[in-house]
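J.: Have a look at this one before I ask anything.
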Amino acid sequence: MLVVANTVRTAQRVFQELAPDPADEDAILLHSRFRLRDRARIEKLILRRHPERKPGDPARRAGGLTVSTQVLEVSLCLDYDRGASEIAPVEAIAQRAGRVNRRGRHPDGAVELRVHAVESHRPYDEGAIDAALLALGEWDGKLLTEEATADWLNRAYATPWGEEWAARARESRDGFSDVFLKFTAPFGDRSEFARGLEENFDTAEVLLRSDLPEYRETLSGRNGDPMLAAELLIPVSLRQRAILRPEFNPGLGVWLTDAPYSPRTGLEISPPAERDTIL
């Protein structure tokens with residue numbers, strides 16, 4: 001069973017409700033607010049447990065529950081027997097549906113994917129959710145095919161919201177190209193643009209204070225490896241970093257936090273930080 005939530009906080013809450021026992025190894029939570037090392041471990045576990053079904057596979061495979069956010073929509077080739085999702089933009093719904101009975105090889109034939117309403121459109125644009133509701137509401141709901149998803153997209157992006165989104169996307173594309181890609185000295189120092197990239201992509205990273213000794217040793221020890229050290233970092237949005245109020249370590253160039261963290265459920269952030277969080 002796959003359950004996809006729109007925010008990390010909702011995913012964490014649903015996971016705790018459905019799998020309250022920390023010893024339950026059949027339930028897995030995946031979102032962006034894990035150490036990169038922990039997330040890689042979780043993704044490998046999910047891929048091993050829920051691979052794409054092959055012709056002739058038995059109807060019943062190893063069971064289990066995965067609760068996730070949209071991080072599961074990209075790069076992971078998975079195949080679940082049933083699914084449930086919060087309403088989201090149509091392309092997100094299509095991606096989530098693509099992880100359930102992925103190639104239609106389930107012995108039961110078509111299987112069920114339920115899409116649930118939400119109390120708030122956040123973290124998405126309200127227009128995107130309204131467009132998705134329109135597209136899904138005009139669909140017969142019988143069998144999800146590539147033609148059906150194309151129809152969803154056509155209907156959603158034909159709305160005033162879709163036309164406005166397309167205009168904003170073109171403007172953002174051209175602005176990014178002008179600022180970051182057009183330069184005359186290809187080997188010149190571009191570090192002054194680092195903050196602009198961070199703001200444009202709304203991404204930052206924090207380090208658990210308890211991981212500081214390991215991070216320092218892995219980064220600059222005798223066999224220092226910056227790539228391995230980076231596996232201890234936890235991605236957050238800029239707004240979340242501000243709410244965490246971390247301490248900046250200028251020597252290492254990292255933000256340190258004492259926020260609660262579990263390798264099973266990830267980094268905990270107070271509810272106000274979740275409002276604008278997708279992943």
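J.: Can you give the relative contact order of the chain as a percent, counting alpha carbon pairs under 8 Å and 6+ residues apart?
T.: This gives 23 percent for the chain.
J.: Sticking with this structure for a sec: Give me the distance between the Cα centres of the range 40-64 and the range 89-113, rounded to whole Å.
T.: What the calculation gives is 15 Å, centre to centre.
J.: Starting from 0.36 nm per residue, how many nanometres of slack lie between A40 and E205 once their C-alpha separation is accounted for?
T.: 57.8 nm
J.: Rounded to the nearest 500 deg cm²/dmol, what is the calculated helix-only ellipticity per residue at 222 nm for the chain, with -39500 (n - 2.57) per DSSP H run of length n ≥ 4?
T.: After summing the helix terms and dividing by the residues of the chain, the value is -11000 deg cm²/dmol.
J.: Here is a further query. Given points 7 Å out from each Cα along the Cα-Cβ axis, report the R103 to F248 separation in nanometres with one decimal.
T.: Each label point is offset 7 Å from its Cα along the Cβ direction, giving 5.1 nm.
J.: Let me ask another. What is the log10 of I(q)/I(0) for the range 71-133, computed with the Debye formula using one identical point scatterer on each Cα and no solvent, at q = 0.13, 0.18, 0.21 Å⁻¹?
T.: Log10 I(q)/I(0), no solvent term: -0.38, -0.67, -0.84.
Every read-out reported here was derived from the displayed coordinates using simple, explicitly stated rules and does not represent laboratory data. The model shown is predicted, which means the values in this text are computed figures rather than measured ones. Positions of Cβ are generated from backbone atoms using ideal geometry, with glycine treated the same way; all protein chains shown enter the neighbour counts.
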